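*Asks:* Before I ask anything, here is the structure I am working with.
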Amino acid sequence: MDVMLLAKALLLGIVEGLTEFFPISSTGHLIVVGDLIDFQNNADVFEVVIQLGAILAVVWEYRQRFLGVAQGALQRDAQSLRFISNLLVAFLPAAVIGFFAIKAIKHYLFNPVTVALALVVGGVIILLVERRQRVPRVISVDDMSWQDALKVGIAQVFAMVPGTSRSGSTIIGGMLFGLDRKVATEFSFFLAVPTMFAATFYDVYKHWHQFTATDVPVIGVGFIAAFISAFFAVRGLIRYVSSHNFNVFAWYRIVFGLVILATWQLGLVNWSA
């Protein structure tokens with residue numbers, strides 16, 4: 001086994017776990033870092049599968065909530081059933097559009113230049129949203145209606161553009177639609193579970209023939225690294241949003257995006273476009 005390849009997988013796993021739930025685009029970071037280190041080992045599938053490691057960190061962190069919802073659903077508890085239906089409603093827009101458009105999106109948009117532009121634009125949008133004076137209408141995930149869930153689901157569609165950020169789209173979109181900052185963040189975590197499970201299994205199914213025995217340890221290393229780093233990132237973000245806004249992430253996005261564009265224009269890095 002190529003030790004250097006495993007080291008690259010470890011690095012990408014850490015990057016995925018640390019960026020999946022922050023509004024800075026994990027896919028964008030994986031594309032940029034993968035391009036920098038020249039990671040070519042079934043890169044598209046690898047990136048999707050290790051995202052599942054990060055999602056499992058959310059499942060573990062909120063295991064009591066998910067178990068409670070499952071038990072409540074079996075007992076026909078109205079609150080549990082509404083939670084499940086809201087996740088389904090929010091999941092459907094991206095699932096439907098992604099099914100028909102993901103191939104074209106990956107072909108034309110999965111490159112560092114697109115990522116850089118999306119990072120900058122998204123950062124500006126976050127700053128504008130944070131400047132708005134608003135009184136949250138929904139202060140608990142359990143208070144969300146199906147209309148609230150649908151709006152967040154529509155916002156998630158924009159995250160198909162790499163660099164936009166799935167968590168960024170859903171959190172900032174949720175805040176625009178009246179959700180409390182912490183509610184929007186938690187619902188974004190919950191929505192990531194069906195979204196990324198579906199994306200992972202769909203990608204693995206479509207590319208199953210490309211896998212070889214040498215892919216197993218590479219994906220395993222990235223998967224475990226993503227799980228561990230995401231576990232700490234989720235806990236840290238929940239504490240952070242309790243008393244801070246998202247401006248620091250907005251400025252990070254803008255600076256990072258401009259650095260990518262500047263190095264591309266100056267020819268310092270031969271970004272693929």
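The values are calculated or read from the model by the stated rules, or taken from the named source; none is laboratory data. Owing to the predicted nature of the structure, the values given are computational and were not obtained by experimental measurement. Remember, those area values only see protein heavy atoms, side chains included, never the ligands or the DNA or RNA. Shrake-Rupley method; radii C 1.70, N 1.55, O 1.52, S 1.80 Å.
*Asks:* At a 1.4 Å probe, what is the % contribution of carbon and sulfur to the accessible area of the chain? Working shown, then result.
*Replies:* Numbers: 9050 of 13320 Å².
Using a 1.4 Å probe with all protein chains present, the chain comes out at 68 percent carbon and sulfur.
*Asks:* Still on this structure, I have one more. Take TYR252, TYR202 and sort them by solvent-accessible surface of the protein heavy atoms, 1.4 Å probe, largest at the top. If you can, show how the numbers build up before the last one.
*Replies:* Values: TYR252 100, TYR202 75 Å².
So, going from the largest accessible area down, we get TYR252, TYR202.
*Asks:* Check which residues have an amide H placed less than 5 Å from ASN245's amide H, if you skip close sequence neighbours.
*Replies:* none
*Asks:* Report, in deg cm²/dmol and to the nearest 500, the calculated mean residue ellipticity at 222 nm for the chain, where each DSSP H run with n ≥ 4 adds -39500 (n - 2.57) and the sum is divided by the residue count. Write down the numbers at each step before the final one.
*Replies:* Details: 11 runs with 207 residues, N = 273.
It lands at -26000 deg cm²/dmol.
*Asks:* Now a separate question. Residue by residue, what Karplus-based ³J(HN,Hα) values in Hz, rounded to whole numbers, does the range 53-58 have, using 6.51, -1.76 and 1.60 with θ = phi - 60° and x for Gly and Pro?
*Replies:* Using θ = phi - 60°, the values come out as x, 5, 5, 5, 5, 5 Hz.
*Asks:* Then there's this: Please compute the contact order of the range 136-273 in relative form: average sequence separation of alpha-carbon pairs under 8 Å and at least six residues apart, divided by the residue count, as a percent.
*Replies:* Details: 73 pairs, mean separation 26.0, N = 138.
Here the relative contact order equals 19 percent.
*Asks:* What relative contact order, as a whole-number percentage, does the chain give when Cα pairs under 8 Å and 6 or more residues apart are counted? Don't jump to the answer; show the numbers that get you there.
*Replies:* Details: 402 pairs, mean separation 104.0, N = 273.
Contact order relative to length: 38 percent.
*Asks:* Accessible area per residue of the range 88-149 at 1.4 Å probe, in Å²?
*Replies:* Numbers: 3660 Å² over 62 residues.
So the range 88-149 comes to 59 Å² accessible per residue, rounded to a whole number.
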